[in-house]
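What follows is a single structure, written as structure tokens, with notes after it.
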Amino acid sequence: MNILFILTDDQGAWALNCAGTKSLRTPNIDSLAQTGTRFDNFFCASPVCSPARASILTGRMPSAHGIHDWLRSGNLDRDLIVNNGPSNTNDVFANEDKPIQYLRGQVCYTDLLAEKGYNCALSGKWHLGDSVNPQHGFNRWYTIGRGGCNYNNPDMVENGKVKYEKGSYVTDLITDRALVFLDEMAGNKKPFYLSVHYTAPHSPWEADQHPSGLIAEYDKSDFLDVPYAPPHPWSVETAGAAMSRHDRLRGYFAAITAMDAGVGRLLKALDDKGLREDTLVIFTSDNGMNMGHHGIWGKGNGTFPQNMYDTSVKVPFIASYPSMIPGAKVCSEMVSAYDIFPTMIDLLNLDKSACTGLPGKSFLPLLTGNRAQGNVALGGVSQDCVSQSGDERDVIIFDEYGPVRMIRTPYWKYVHRYPYGPNELYDLKNDPGEEKNLAADKTHSALIREMRNRMENWFLRYSDPRVDGTREEVTGYGQLCSAGVYAQKPVKYFPGK
């Protein structure tokens, strides 16, 4: 089995035509959903990019892998960039110092794939430290220098060097290089794992950053199917703050439709090479996104203190493998990104011991539609990596962003902010829009105690006290160094973005 793993950046679960946003054109992703299963209750592990991406790869929460915020530094060697890299580096690379491999010494499922003989390639955003050197099983590597870049004339990393790709659109560059990698690996007898990590639809959203035809197309839209609320009292200034609602949504939608075209090219290449039937295609995003929802323009750090609204923590997830996964199916059971690692273990019969101590559960039976399948038919896994079994699983979702943690059941959500609050409780059955905070309602005191106790016990079990997020100064403005050593640094986070 080959794997094509497509990861987008800041795409909310709502931001697909097939998810109900009819003013957004995503024909290729919608077609992919028709050939597989789409999850409409899939949650990221942290509502910001770097921690969420690390949790996908490691199966661990931020308080176990130690990445708590988007990585503002540790991506590049500033001395090498200034001396040998692109010009005009002072502002763009101002926060870079020396590269840090933030996941060094930790096991990613791509490490296990490489050990099993997979060719592993990355085309697109990495943002987990040291963008120049391939890591964790990848033997082909084409990425961006930092965590973000302009769509036009982006700074890209290739063969250990950073250069500006003048006259190029980053979404097309990522697709083009992925297709080159696909050509190389398709001719090899080894199975392949191809990660295609688009920067879309992350900002910038200005008209000059995206194809003029798509900007013109969405310029005519009124975006009535995107909720809008007055500014949230905790909202912070984010990218595009000087733009109108219409122009921000126009750019966001244009970025998604351009990315959708890239997805179409990838799927066509699989078909043309006769690989589609033997390739698992996964489409998902790192974290959710508010585009005016709740009066917020951003994800978890679109407010301070950070938020845990469903629009921030829910992401699209589609899996297509026609010989195993039923087509045109929508699964509404709650699943988390920390479940991806054990699912890969389950699906590909990788080293089961790697699941020891992980919080996630394999959701392979939800993918195959065979709830009775479990792990027995797949050879069994460790006790810490057992498959879900429908209603027998006590479905609870956990999220964290530094000192902000969330526990969510199908009908209730509790958000706790260490050390002083404010905290939130939402009755999701009667208030799915999370508009009425019930945390101060004494009639729910027992429920809050129960949910908080359960959350704290869970994090106590699955966190590493050396990098526990509740002990770090995580503000949403970026991480500058490895967790657990912040006390040695006089400056931990820069204000502003």
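The values are calculated or read from the model by the stated rules, or taken from the named source; none is laboratory data. Just so it is clear, the model here is predicted, and its values are computed rather than measured. Here the Cβ is made from the backbone with ideal geometry for all residues, glycine too, and neighbour counts use every protein chain on show. These area figures cover heavy atoms from the full protein model, side chains too; ligands, DNA and RNA do not enter into them. Shrake-Rupley method; radii C 1.70, N 1.55, O 1.52, S 1.80 Å.
Assigning unit charges at the beta carbon (Lys, Arg +1; Asp, Glu -1) and nothing else, what dipole magnitude in debye, to the nearest 20, does the stretch 133-265 show about its Cα centre?
Charge dipole of the stretch 133-265: 540 debye, to the nearest 20.
Would you mind giving the average projected area, over all directions, of the Cα convex hull of the stretch 99-178 in nm² with one decimal?
Computed as one quarter of the Cα hull surface, the answer is 5.1 nm².
Add +1 for every Lys or Arg and -1 for every Asp or Glu among the other residues with Cβ under 12 Å from the Cβ of LEU447, and state the total.
Net local charge, LEU447 excluded: +2.
For ASN139, put the label point 7 Å out on the Cα→Cβ axis and report which residues of the stretch 112-126 keep their amide N under 11 Å from it.
Within reach of a label on ASN139: 114-121.
Taking amide hydrogens as modeled 1.01 Å from N in the peptide plane, which residues meet the under 5 Å criterion relative to CYS120, leaving out close sequence neighbours?
Placed amide hydrogens put ASN139, ARG140, TYR193 under 5 Å from CYS120.
What net charge do the residues around TYR169 carry, taking every other residue with its C-beta under 12 Å from that of TYR169, with Lys and Arg at +1 and Asp and Glu at -1?
Residues close to TYR169 contribute a combined charge of -3.
In µm²/s, what is D for the stretch 1-45 at 4 °C and 1.567 mPa s, where D = kT/(6 pi eta Rh) by Stokes-Einstein and Rh is the Kirkwood radius from Cα pairs?
110
With r defined as the distance between the Cβ atoms of ASN437 and HIS246 and R0 fixed at 30 Å, what FRET efficiency is calculated, to the nearest 0.05?
Using R0 = 30 Å, I get an efficiency of 0.50.
Please state the relative contact order of the stretch 114-201 as a whole percent: Cα pairs under 8 Å, 6+ residues apart?
Reported as a whole number, the value is 36 percent.
When averaged across all projection directions, what area in nm² does the alpha-carbon convex hull of the chain cover?
21.9
To the nearest 10 Å², what's CYS18's accessible area with a 1.4 Å probe?
Probe radius 1.4 Å; accessible area of CYS18 about 40 Å².
Can you list the aspartates and glutamates whose alpha carbon is less than 19 Å from that of LYS442, not counting same-chain residues fewer than 8 positions off?
GLU424, ASP427, ASP431, GLU434, GLU450
List the aspartates and glutamates whose alpha-carbon lies under 12 Å from that of LYS98, not counting same-chain residues fewer than 8 positions away?
ASP77, ASP79, ASP130
At 0.36 nm per residue, and after removing the present C-alpha to C-alpha distance, how many nm does the segment from ALA446 to PHE304 gain when stretched out fully?
48.4 nm
Per-residue counts of other Cβ atoms within 10 Å, averaged by peptide: what ranking do you get for 263-275, 126-138, highest first?
126-138, 263-275
Please tell me the relative contact order of the chain in percent, rounded to the nearest whole number, where contacts are Cα pairs under 8 Å and at least six residues apart.
Normalised by residue count, the contact order of the chain is 23 percent.
Can you list which of the GluC sites (Glu not before Pro) found in the stretch 201-267 are DSSP loop residues with at most 15 other C-beta atoms within 10 Å?
GLU237
When a/c is below 1.5 the answer is rounded, else prolate if a/b is larger than b/c, else oblate, so apply that to the stretch 150-240 with a ≥ b ≥ c taken from the square roots of the Cα gyration tensor eigenvalues.
Prolate.
Rounded if a/c is under 1.5, else prolate if a/b is larger than b/c, else oblate: which is the stretch 243-314, with a ≥ b ≥ c the root eigenvalues of its Cα gyration tensor?
Taking the square roots of the gyration eigenvalues as a ≥ b ≥ c, the stretch 243-314 is oblate.
Can you tell me what share of the DSSP beta bridges in the chain is antiparallel? A percent to the nearest 5 is fine.
Among the beta bridges of the chain, antiparallel pairing accounts for roughly 55 percent.
Can you list the lysines whose alpha carbon sits under 30 Å from that of LYS352, skipping same-chain ones fewer than 8 residues off?
Filter leaves LYS116, LYS125, LYS189, LYS190, LYS314, LYS329, LYS361.
Once you have a ≥ b ≥ c as the square roots of the Cα gyration tensor eigenvalues for the stretch 247-379, tell me rounded if a/c is under 1.5, and otherwise prolate or oblate according to whether a/b is larger than b/c.
Judged from the Cα gyration tensor, the stretch 247-379 comes out oblate (a/c at least 1.5, b/c at or above a/b).
Stretch ASP464-SER31 to full length: gain in nm at 0.36 nm per residue minus the Cα-Cα span?
151.7 nm
Test of understanding: what is the full-extension gain from ASP272 to LYS163, defined as 0.36 nm times their sequence separation minus their Cα-Cα distance?
Between ASP272 and LYS163, full extension yields an extra 36.0 nm.
Anything in the chain that counts as a DSSP H helix reaching 15 Å or more along its axis (C-alpha) with Kyte-Doolittle mean of at least 0.5? List them, would you?
Qualifying helices: 170-186.
What is the Cα centroid distance between the stretch 1-60 and the stretch 260-298, reported in whole angstrom?
6
Sequence-distant or interchain residues sharing an amide H contact under 5 Å with TRP412, placed H: which?
LEU428
Please report the antiparallel percentage of the DSSP beta bridges confined to the stretch 43-192, to the nearest 5.
65
Protein chains only, probe 1.4 Å: how do THR443, THR475 rank by accessible area, largest first?
THR443, THR475
Need one number: nm distance between label points at TYR420 and SER332, each 7 Å from Cα along Cα→Cβ, rounded to one decimal.
It works out to 4.2 nm between the two label points.
Take the Cα of GLU184, step 7 Å along the line toward its Cβ, and report every residue of the stretch 123-158 whose backbone nitrogen sits under 18 Å from that point.
It comes to 123-126, 131-145, 156-158, nothing else.
Can you give the FRET efficiency to the nearest 0.05 for THR409 and GLU217, using r as the Cβ-Cβ distance and R₀ = 30 Å?
Rounded to the nearest 0.05, the efficiency is 0.15.
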